[in-house]
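The structure appears below as structure tokens.
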Amino acid sequence: MENVASLDCVYAAIGDFNVISNSSEKRGGLTPSYSQLADFNSMISNCGLIDIEDDGPRYTWTNKQLNQRNIQERLDRALVNEK
């Protein structure tokens with residue numbers, strides 16, 4: 001995906017990336033590993049993308065468990081370049 005940074009046009013990557021960009025995007029469960037966060041953030045940076053903040057729900061995925069077993073994460077996002 002890093003080749004897209006050299007494109008001379010506006011583009012977006014929208015969807016479920018199945019990974020979070022920082023620990024505040026997860027509630028419950030195990031603490032995310034630094035390497036997972038770093039890899040995703042490096043991809044965003046290397047592709048020249050920015051994350052569009054939205055006004056929707058803070059978390060876009062849940063494991064649908066109750067109480068202490070509940071895990072919520074922000075997996076859906078829209079990334080765009082700055083052209």
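None of the figures in this text is laboratory data; all of them are computed from the coordinates on show. Quantities reported herein were computed from a predicted structural model and do not represent experimental measurements. Cβ sites come from the backbone with ideal geometry, for glycine too, and all protein chains shown count toward neighbours.
In Å, what is the Rg of the alpha-carbon atoms in the stretch 40-83, and how long is Dmax?
My reading of the Cα-based Rg and Dmax gives 13.8, 44 Å.
With an 8 Å Cα cut-off and a minimum separation of 6 or more residues, compute the relative contact order for the stretch 29-83 in percent.
On the way: 49 pairs, mean separation 20.8, N = 55.
Contact order relative to length: 38 percent.
If you put +1 on each Lys and Arg Cβ and -1 on each Asp and Glu Cβ, how big is the dipole of the chain around its Cα centre, in Debye rounded to 20?
Values: 8 positive and 12 negative charges, 101 e Å.
The calculation lands at about 480 debye.
Tell me, how many Å apart are the Cα centres for the stretch 60-83 and for the stretch 18-43?
What the calculation gives is 11 Å, centre to centre.
Taking the simple approach of a point 7 Å from Cα along Cα-to-Cβ for both Asp8 and Asn70, what is their distance in nm?
With each label placed 7 Å out from Cα toward Cβ, I get 5.1 nm.
Would you list Leu49, Leu75, Leu7, Leu30 from fewest to most Cβ contacts within 10 Å? Intermediate results must be reported in sequence, preceding the final value.
Working: Leu49 21, Leu75 16, Leu7 12, Leu30 7.
Least crowded to most crowded, the residues run Leu30, Leu7, Leu75, Leu49.
What number comes out for the charge environment of Ile71, summing +1 per Lys or Arg and -1 per Asp or Glu over other residues with Cβ under 14 Å away? Numbers along the way, then the final one.
Values: positive: Lys26, Arg27, Arg58, Lys64, Arg69, Arg74; negative: Glu25, Glu73.
Around Ile71, the charge tally is +4.
For the stretch 1-75, which trypsin sites (Lys or Arg not before Pro) pass both filters: DSSP loop (anything but H, G, I, E, B) and at most 14 other C-beta atoms within 10 Å? Working shown, then result.
Numbers: sites: Lys26, Arg27, Arg58, Lys64, Arg69, Arg74; in loops: Arg58, Lys64, Arg74.
Sparse-neighbourhood loop trypsin sites (Lys or Arg not before Pro): Arg58, Lys64.
How many nm is it between the label spots at Asn81 and Arg58, if each spot is 7 Å from the Cα in line with the beta carbon?
With each label placed 7 Å out from Cα toward Cβ, I get 3.4 nm.
Treat the chain as a sphere of radius equal to its Kirkwood radius over Cα pairs and apply Stokes-Einstein at 10 °C in a medium of 1.306 mPa s; give the translational diffusion coefficient in µm²/s, rounded to a whole number.
Details: Rh = 13.9 Å.
The calculation lands on 115 µm²/s.
May I ask for the angle, rounded to the nearest 10°, between helix 34-46 and the longest principal axis of the chain, with both axes built from Cα atoms and the value confined to 0 to 90°?
With rounding to tens, the tilt is 30 degrees.
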